[in-house]
1. So, R0 is 25 Å and r is the distance between the beta-carbons of SER56 and THR174; what FRET efficiency does that work out to, to 0.05?
2. For segment 51-178, just run the numbers: alpha carbon Rg, then divide by 2.2 N^0.38 Å, N being how many residues it has.
3. With the Cα gyration tensor of segment 105-178 in hand, give its eigenvalues times 5 under a square root as the equivalent ellipsoid semi-axes, listed largest first in whole angstrom.
4. Report the relative contact order of segment 120-178, percent, no decimals, based on alpha-carbon pairs under 8 angstrom and at least 6 residues apart.
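Quick note: the coordinates plus some simple rules give every number you see, no bench work behind them. Small disclaimer: the values here were computed from a predicted structure and weren't measured. No Cβ is skipped: glycine too gets one built from the backbone with ideal geometry, and neighbour counts run over all protein chains shown.
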Amino acid sequence: MSLHTQLLSRRGLTAALTAVAAALATAGVAGSATATTTAQASAGPRTCAVKDLYLSMGRAEGAAGSLYQPIRFTNTSTSKCALRGYPGVSVLDTAHRQIGPAATRSGSPYGTVTLAPGHSASAIVRTTNGPIGGPCLRTGTYLRIYPPGSYTSTLVPTRWTTCSHLFQVGPINTEGTF
């Protein structure tokens, strides 16, 4: 065998080994992606979307100069879904124009709430019970609510008056706490 033929054979072998190594590396990456996707899928239920939820208002209660009212999030889908954090909440008039600033967050710690079909969790909204430290805004007829992690809102009919520049919302929870 000539030197020229031996070099061509070695180059061919090197090219073949490189191709096999690349194929194995690609297969390993694909295998890793599949394993990651499977692990992510089993990590927990999906985030609840607006279409999965029925939102309603609970009974308002007063305490120590404050007015508290729960917003109930009920899972109407056929599978589990999860909510984590604070909803976005603002007061609207009959023409759907916002009255005053959106609710600020209470700062309370929170975790993930998993809702089975037909089950509910709440977030509490709070204002003062009248003009204690400032005036009251005009009374709204809707709350515009964005579930946590959503860019889509829904309107919930309710009368709400923000007073004394205080409008707060607590995190989603199952204990009914602010």
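1. 0.95
2. 1.02
3. Its equivalent ellipsoid spans semi-axes of 25, 15, 10 Å.
4. Relative contact order comes out at 51 percent.
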